[in-house]
1. Taking the range 188-207 as the search range and keeping residues that are in a strand (DSSP E or B) and of a type in the set (D, E, K, R), which one is farthest from Gly227 (Cα to Cα)?
2. Out of everything in the range 54-109 that is hydroxyl-bearing (Ser, Thr, Tyr) and surrounded by fewer than 18 Cβ atoms within 10 Å (Cβ to Cβ), what residue ends up being modelled with the lowest pLDDT?
3. I'm told Val25 meets every condition in (1) over 22 Å from Ser202 (Cβ atoms); (2) outside the structural domain of Ala290 (by TED's automatic domain parsing); (3) at pLDDT 95 or above except one. Can you identify the failing condition by its number?
4. Hey, could you check the range 234-280 for residues that are modelled with pLDDT under 95, surrounded by 15 or more Cβ atoms within 10 Å (Cβ to Cβ) and among the basic types (Lys, Arg) and say which is farthest from the chain's Cα centre (by Cα)?
5. Which of the residues that make up the range 105-120 are charged (D, E, K, R) and under 26 Å from the mean Cα position of the chain (by Cα)?
6. Inside the range 1-117, counting only strands (runs of 3 or more DSSP E) that do not spill past its ends, which hold 2 or more residues that are in contact (Cβ under 8 Å) with a residue 60 or more places away in the chain?
7. Are any residues in the range 261-313 at positive phi and in contact with a Gly (Cβ under 7 Å, 6 or more places away or on another chain), and if so, which ones?
8. Only residues that are part of a loop (DSSP other than H, G, I, E, B) and closer than 15 Å to Tyr252 by Cα: list them for the range 208-223, please.
Amino acid sequence: MPDLTILGAGVAGLAVATELTDRGVHVAVIDAGGGPGEHACSWWAGGMLAPWCERESAEEPVLRHGQAAADWWENHGADVTRGGTIVVAPTRDRRELDRFGRRTSGFETIGGNEIANLEPDLAGRFNQALFFRDEAHLAPRDALDTLRSRLIGNGVEIRTEEAEPGPGMIDCRGLAARNMLDDLRGVKGEMLILHCPDVDLSRPVRLLHPRIPLYVVPRGNGIYMLGATMIEASERSRITARSLLEMLSAAYALHPAFAEAEVLEIGVDARPAFPDNLPRIRRRGGIIHANGLYRHGFLLAPALAAQVADLAIAGERPEFCDEDIG
């Protein structure tokens, strides 16, 4: 019999299972979908390990805890690319670049020649950028598969079945836990996977725009993930025409060759979030709830997992806690 059972095999559940297993705890994982896949919002993540950029709109713990994420993922077998992040804006929107710089840290301002040295395909298109040298990215689906494979290799059983939370369980089910966490809400995210071999980018690029900022994340072999939207809605099946149009228009503004890209996938899902968009760990009735990663799944899952393990093993009160945990 396992010491603890984890509900959910998205990024939160797999990270928690990994952290507990690392500390010698015998765990089992239950996921109705059988593990990583389209049913989990982490399947549609950008995979940017970008704590300094995220600080533009996120609370301080995202920056502090997120700085350790790249090391954690690399130590657990994920292929992490440490190339930094470039943030640019069209000339007419230069004030957006200035605003972004005022709200963040850990960057250097670079000019056109430096942009061209880092990303030749952006040469001549932008004459100023912010370069966050210490940021990284990974391929989310590969990283999830790596964690799952490592867990199975360590004897962890991952069962496909429906299960209700009970004592001795750690609930990492995301929005499926809304009936037990009444302040949890869904934030809709929409993304595209494009094949565009005529564009060659080696690191994430963020294009700032007053209405819909865009990030482009390279996946290799001419494949890119485009993301942008954060819509206060739990609907998770259809992209809006406006979002599709604006993401593609922004990609074209970054590089005209994106107009000839093939659309491989359109992803839509709802991210679980609490009012301040920070995660929460709560213990109620013998159940530990770990939830609310919002758009910071791969960035904050390692910190969330470590705090869950500290609570489950040693009874330590997590930083990501807003109530008496008993």
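1. For the range 188-207, the residue satisfying everything is Lys188.
2. Thr91
3. The one condition Val25 does not meet is (2).
4. The qualifying residue farthest from the chain's Cα centre (by Cα) is Arg236.
5. Passing the criteria: Glu108, Glu119.
6. Filter on the range 1-117 gives 4-7, 27-30, 85-88.
7. Gly286
8. Leu208, His209, Ile212, Pro213
The values are calculated or read from the model by the stated rules, or taken from the named source; none is laboratory data. In this text, all values refer to a predicted model and were calculated from it rather than measured experimentally. Cβ atoms come from the backbone with ideal geometry, glycine included; neighbour counts cover every protein chain shown.
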